[in-house]
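K.L.:
Handing you a structure now.
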Amino acid sequence: MKQFVTVYGAEPDGVWAAPGRVNLIGEHTDYNDGFVLPFALPQRTLVAASRVDTPTWTVWSEQADEQITFDLSERVPGWGAYVAGVVWVLREAGFDVPGARMAVTSDVPLGAGLSSSAALESSVLTALADLGGLDLPVDERPRLAQRAENDYAGMPCGIMDQSAAIRCREGHALFLDCRTLDVEHIPFDVAAAGLAVLVVDTKAPHRHVTGEYAARRTACEEAARLLGLPALRDATLESLSTLDSPELRRRARHVITEDQRVLDTVALLRGGRVREIGPLMTASHASMRDDFEITVPEVDTAVEAALSAGAHGARMTGGGFGGCVLALVDAGETDRVAAAVASAFAQRGFSPPEPFVAVPGPGALRL
Ligand code: GLA
């Protein structure tokens, strides 16, 4: 990577990559032991790295336009926390993590709900595991990357994003059972079905994301506790009438119905019935808007405009309060649907959205 050579004056030992993701369906189900169905984006984070002999880590980031150096005695703030958190979690897990010099570049949009942080954690983890020859099976890596984010960076996320960044396969969506961590790679060839997945970055300013996310997670855990269950994965719609709080009932209803929508989506995709997943996507959006209350006017506008312009289904993807919308559209219609969303945004005085077409790419790898 030319940036590594410019910064450190030598070739790196290797270059590793991990992608951003979109989630086709299954939102806020991961930390409820439920089901998710993300796929990896072609946009990814690259880490060029070389081993050094001392336990120090020097990281230059093109996006931050900054170089940091840390050792084991420091707690690193800001973007560096996603790198230092990985070093920390690997050591916590008993691994002898090699010191390293790294250069990081990425085309995963930041703060757009496309898991740029998981891409950074996962690319660094993959690089350090290879550089150090660590005996770390791929299916154990997402849990470590998630812990780096939970316990070091301080975001109480579930396991979806790190699983997507590490375990996805090109041309497939990742059907993940977040309780067992079993995965099934579901072929997702939208082009063969004459379709495309249009992603629209709404550019909506994220509002109180971490606090609202944590509040949803707490509400779900509280609902499961009141129902006497280990997690909402085990709850039924019938049982919800025993919850006194209408808000908790709504939150739990989202999770229960969303898990079912993931299973229904997987069943349709297994049968090659791609177009028919559209209504499930749209129902997922309504559930996030009305029951889980995590949408904002920009994402609701984007979904409505896409559907009015002929999308077969549309929904917000990711944690909520901004971020991106996915629309399943006929292959020749992506520009027209994107233009319809842009025009709806202009009418409402929102900043121009940024559309792109997403094709499922591979998970983390050495280049
Ligand atoms: C964020 C989190 C994930 C998941 C989604 C919502 O992306 O990082 O763990 O909870 O929100 O589905």
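Bear in mind these aren't lab numbers, they're just calculated from the coordinates by the rules spelled out. Because the structure is predicted, anything quoted here is derived from the model rather than measured. We place every Cβ from the backbone using ideal geometry, glycine too, and count neighbours over all the protein chains shown.
K.L.:
Mind listing whichever residues of segment 149-164 are assigned to a helix (DSSP H, G or I), within 13 Å of the chain's Cα centre (by Cα) and not polar (S, T, N, Q)?
P.N.:
Let us first name the residues in segment 149-164 that are assigned to a helix (DSSP H, G or I), namely 149-153, 160-164.
Then drop every residue that is not within 13 Å of the chain's Cα centre (by Cα), which leaves 149, 160-164.
Answer for segment 149-164, where residues must be assigned to a helix (DSSP H, G or I), within 13 Å of the chain's Cα centre (by Cα) and not polar (S, T, N, Q): 149, 160, 161, 164.
K.L.:
Filter segment 128-143 for residues that are more than 23 Å from residue 220 (Cα to Cα) and assigned to a helix (DSSP H, G or I); which is farthest from the ligand (Cβ to nearest atom)?
P.N.:
Top of the filtered list is 131.
K.L.:
Between a residue in segment 22-47 that is over 22 Å from residue 201 (Cα atoms) and any residue that is among the small types (Gly, Ala, Ser) and buried (at least 24 other Cβ atoms within 10 Å of the Cβ), which pairs come within a Cβ distance under 7 Å, given they are 6 or more apart or on different chains?
P.N.:
Taking only residues 6 or more apart or on different chains, the pairs are 34/26; 35/26; 47/123; 47/127.
K.L.:
Of all residues in segment 90-124, how many are more than 18 Å from residue 66 (Cα to Cα), within 16 Å of the ligand (Cβ to nearest atom) and outside any loop (DSSP other than H, G, I, E, B)?
P.N.:
Of the residues in that region, 3 qualify.
K.L.:
Moving to a separate point now. Read through the list (1) under 30 Å from residue 357 (Cβ atoms); (2) more than 15 Å from the ligand (Cβ to nearest atom), then give the number of the only condition that residue 28 fails.
P.N.:
The single condition residue 28 does not satisfy is (2).
K.L.:
Picking from 124, 87, which residue would you name as being aliphatic (A, V, I, L, M) and farther than 18 Å from residue 362 by Cα?
P.N.:
87
K.L.:
Considering segment 148-181 alone, what residues qualify as being surrounded by 22 or more Cβ atoms within 10 Å (Cβ to Cβ), closer than 18 Å to residue 85 by Cα and away from the ligand (no atom under 13 Å from the Cβ)?
P.N.:
166
K.L.:
Looking at segment 309-324, I want the residues that are free of Cβ contacts under 8 Å to residues at least 40 places away in the same chain and have a partner that is among the small types (Gly, Ala, Ser) with Cβ atoms under 7 Å, at least 6 apart or on another chain. Which pairs are those?
P.N.:
309/340; 313/278; 314/306; 314/327
K.L.:
Are there strands (runs of 3 or more DSSP E) fully within segment 263-361 with at least 2 residues that are of a type in the set (Gly, Ala, Ser) and under 22 Å from the mean Cα position of the chain (by Cα)? List them.
P.N.:
Hits in segment 263-361: 313-317.
K.L.:
Just checking, does segment 321-342 include any residue being among the small types (Gly, Ala, Ser), within 16 Å of the ligand (Cβ to nearest atom) and buried (at least 20 other Cβ atoms within 10 Å of the Cβ)?
P.N.:
Looking for residues that are among the small types (Gly, Ala, Ser), within 16 Å of the ligand (Cβ to nearest atom) and buried (at least 20 other Cβ atoms within 10 Å of the Cβ), one finds at least one in segment 321-342, hence yes.
K.L.:
Given the criterion of a type in the set (A, V, I, L, M), more than 25 Å from the chain's Cα centre (by Cα) and buried (at least 19 other Cβ atoms within 10 Å of the Cβ), identify the matching residue among 232, 237, 227.
P.N.:
227
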